[in-house]
């Protein structure tokens, strides 16, 4: 928490910021606590390391017997995405490097996005035998671009998202944190009661119920797992990682 009313939440889990089941719930808890703190006027969500977020920890999932890790990751992602969206104050996402899978869920639910000039955004779920966060990708890119990105597991750049109007500013990486804080301080200078009311108001007029929409997507992920597609794809991903070492 900074003196100007800006709360900073930093993801830092080397090597790629892929969060464990507990990590997703911890992130949700921190976001909920920040929004409930009357001294907080805005939240900056950012990351250290090579990229913003690489989604769920697939290695943890495949190393866990049964479906506990799968169910836990789905519930944890749901909780974290929901916490961003329902945070009582605006959330600014400062995206560096790659933003994949669950990272799209976080960023798509943020209020404002700033990105480094090397930031990229992708939803490789179909390559992992899963679905999910198309709800949030649709908030970042146009409808047909979203579909193409989902089917092809394709990548979009920060510059493309800036052109679409979803990214507020694109800056060199060494300026990312300060750019996010400059935007945060501008919001924090407003009347806090009005800003909190504005957040509730904007969520209330949102044309898509992001919580229900994402939950619908998760149902297809469970079907794919029951059919065996999920395990096969994730095992291949883990095996490819071992071969690359």
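Miscellaneous remarks
- The residue that is surrounded by the fewest Cβ atoms within 10 Å (Cβ to Cβ), counting only those in segment 42-56 that are more than 22 Å from residue 125 (Cα to Cα) and either free of Cβ contacts under 8 Å to residues at least 24 places away in the same chain or in contact with a helix residue (DSSP H, G or I) (Cβ under 8 Å, 6 or more places away or on another chain) (or both), is 46.
- Screening segment 126-188 for helices (runs of 4 or more DSSP H) wholly inside it with 1 or more residues that are over 19 Å from residue 45 (Cα atoms) returns the ranges 134-137, 143-152, 158-164.
- Residue pairs meeting the criteria (Cβ under 7 Å; at least 6 apart or on separate chains; first farther than 16 Å from residue 99 by Cβ, in segment 11-36; second part of a strand (DSSP E or B) and at pLDDT 95 or above): 30/9; 31/9; 31/43; 34/7; 34/9; 34/43
- Count of segment 202-218 residues which are under 28 Å from residue 67 (Cβ atoms) and either exposed (fewer than 12 other Cβ atoms within 10 Å of the Cβ) or within 17 Å of the chain's Cα centre (by Cα) (or both): 9
- Unmet criterion (only one of (1) at negative phi; (2) over 11 Å from the mean Cα position of the chain (by Cα); (3) surrounded by 24 or more Cβ atoms within 10 Å (Cβ to Cβ)) for residue 155: (3)
- Looking only at residues in segment 189-201 that are in a helix (DSSP H, G or I) and more than 21 Å from the chain's Cα centre (by Cα), the one that is nearest to residue 133 (Cα to Cα) is 201.
- Subset of segment 111-125 (residues that are in a loop (DSSP other than H, G, I, E, B) and surrounded by fewer than 24 Cβ atoms within 10 Å (Cβ to Cβ)): 111, 117, 118
The values are calculated or read from the model by the stated rules, or taken from the named source; none is laboratory data. In this text, all values refer to a predicted model and were calculated from it rather than measured experimentally. No Cβ is skipped: glycine too gets one built from the backbone with ideal geometry, and neighbour counts run over all protein chains shown.
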